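FYI, it's all coordinate maths here, none of it is from the lab. None of the values given here were measured: they were computed from a predicted structure. Cβ: placed from backbone, ideal geometry, glycine included. Neighbour counts: every protein chain shown.
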Amino acid sequence: MAYRKFGRDSSARKAMLRDVVTALFDKERIETTEAKAKEVSGLADEMITLAKRGDLHARRQALAFMTDEAVVRKLFDTIAPKYKERQGGYTRVLKLGPRQGDAALMAILELV
């Protein structure tokens, strides 16, 4: 299977992933399920690669995906310059263990 479906239809899945990516760049470290963290990690890397380009078209592409204009500004102005010399692998997934209540595997997703 090419990607995780999370028991949602495509529009709900896309909205959930957009929200998690936006929260990651806003807070720079979030706690979520392991499956969501692994899926969002690749999307976050794509957004940082766009921000490293830094041109108007890249900014508009990021705005089309992310839900908050202020977070996009933060991504382009403060986060992307930190990774100027790095060739990828901008996020880290740290496994925590099962969540109390439903035993879902939890993880911390953070920017390196």
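Using the empirical formula 2.2 N^0.38 Å as the baseline, the Cα radius of gyration of the chain reaches a ratio of 1.08.
Screening the chain for whole DSSP H helices of 24 Å or more along their axis (Cα) with average Kyte-Doolittle hydropathy at least 0.5 returns none.
For region 11-111, a crude dipole built from +1 on the beta carbon of Lys and Arg and -1 on the beta carbon of Asp and Glu, taken about the Cα centre, is about 180 debye to the nearest 20.
Note on Leu111 and Gln87: the extension gain reaches 7.2 nm, defined as 0.36 nm multiplied by sequence separation minus the Cα-Cα distance.
Distance between the modelled labels on Ala70 and Arg13, one decimal in nanometres: 3.2 nm (7 Å Cα→Cβ projection). Among Ile48, Ile108, Ile30, the order by Cβ neighbours within 10 angstrom, fewest to most, reads Ile108, Ile30, Ile48. Note on Val20, Val93: ascending count of other Cβ atoms within 10 Å places them as Val93, Val20, the fewest first. By the count of neighbouring beta-carbon atoms within 10 Å, fewest first, Glu39, Glu46 end up ordered Glu46, Glu39.
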